[in-house]
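**Student:** Sending over a structure as structure tokens; questions will come in a sec.
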Amino acid sequence: METSSRIGSIALAIGPDLLAQTPFSGPMKHSAELFGAVAEMLARFGRKPRQIDQVFISAGPGSFTGLRIAVTTAKMMHLAAAAKIVAVDTLDVIASNVTDYIHSSPQTAVERIATVLDGKRGRFFIAVYGLSDQTRHRTEKITHEHYLKIVPDCLMTASQFLDRFATAGPQIHLLGDGLLYHADKFNARGIQLLEQRYWSPQAKNVHLLGWKIALQKKFADPLTLTPCYLRGPQIGQSRLSPKHP
């Protein structure tokens, strides 16, 4: 399940094999369409809810409401059918879109990428990935698996990001829904925005990353599982004292 960003989606798989992915009909339709989409997907492949062995969710950072929907639904599936839960990093899910981009533009060199989500209050959830030295000069196709996370998930302003990455090192390619209303803030030399169709996280990539975690049996504890927010909710923040920014 991918409900961390504007455009949600679900996917169904058997082991490593993806059967189908279904996006929701429009932005912010997670709560309205999630359960209906799951039921329709299961019926399409002749499956029952009790047959769900594992549920993979995009666990953040991202939309507070969207992340709560995913975590709550996963816990419900665990209680109803003992489904094991895998929590996947949302910024890693977005970064996985680079595989589709590279396959569609094989002549384009992409040495570094950064994923960007709107963190509100002028800040952004950002992670940066780069090709390892061993894979930078590969002759075969590059995929998301060849990128190392060189800057872990963090919260920063656009200017902080540009100061650190705009002119240092090779060109950096940006993707993520945080660019939707703020692309102009990242307009600088050394920065290249991927096309908008690569910005949104997808349920198929939640499965792609989640399956590898499941193989290692790194399942989330359904009792203690919480979304990865990186910050507190925006509501009420203006009442916090200066020592709690």
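The values are calculated or read from the model by the stated rules, or taken from the named source; none is laboratory data. These numbers come from a predicted model, not from an experiment. Glycine also receives a Cβ, built like all others from the backbone with ideal geometry; neighbour counts cover every protein chain displayed.
**Student:** Could you please let me know if Thr22 is hydroxyl-bearing (Ser, Thr, Tyr), at pLDDT 95 or above and surrounded by 20 or more Cβ atoms within 10 Å (Cβ to Cβ)?
**Tutor:** Answer is no for this residue.
**Student:** Could you tell me which residue of the range 1-19 is surrounded by the most Cβ atoms within 10 Å (Cβ to Cβ), considering only residues that are among the small types (Gly, Ala, Ser) and more than 15 Å from Gly62 (Cα to Cα)?
**Tutor:** Ala11
**Student:** Do you know which residues across the range 141-180 are hydroxyl-bearing (Ser, Thr, Tyr) and at pLDDT 95 or above?
**Tutor:** Thr157, Ser159
**Student:** If you don't mind, there's one more thing I want to ask. Among the residues of the range 50-68, are any of a type in the set (Val, Ile, Thr) and closer than 19 Å to Gly178 by Cβ?
**Tutor:** Scanning the range 50-68 turns up at least one residue that is of a type in the set (Val, Ile, Thr) and closer than 19 Å to Gly178 by Cβ.
**Student:** Against the conditions (1) out of contact with any Phe, Trp or Tyr (no Cβ under 8 Å at 6 or more places or on another chain); (2) under 17 Å from Ser5 (Cβ atoms), where does Pro152 fall short? Just the number, please.
**Tutor:** That leaves (2) as the condition not met.
**Student:** Working carefully through the options Thr73, Thr99, Thr90, find the one that is surrounded by fewer than 22 Cβ atoms within 10 Å (Cβ to Cβ) and within 19 Å of Leu208 (Cβ to Cβ).
**Tutor:** Just a single option satisfies the conditions, and that option is Thr99.
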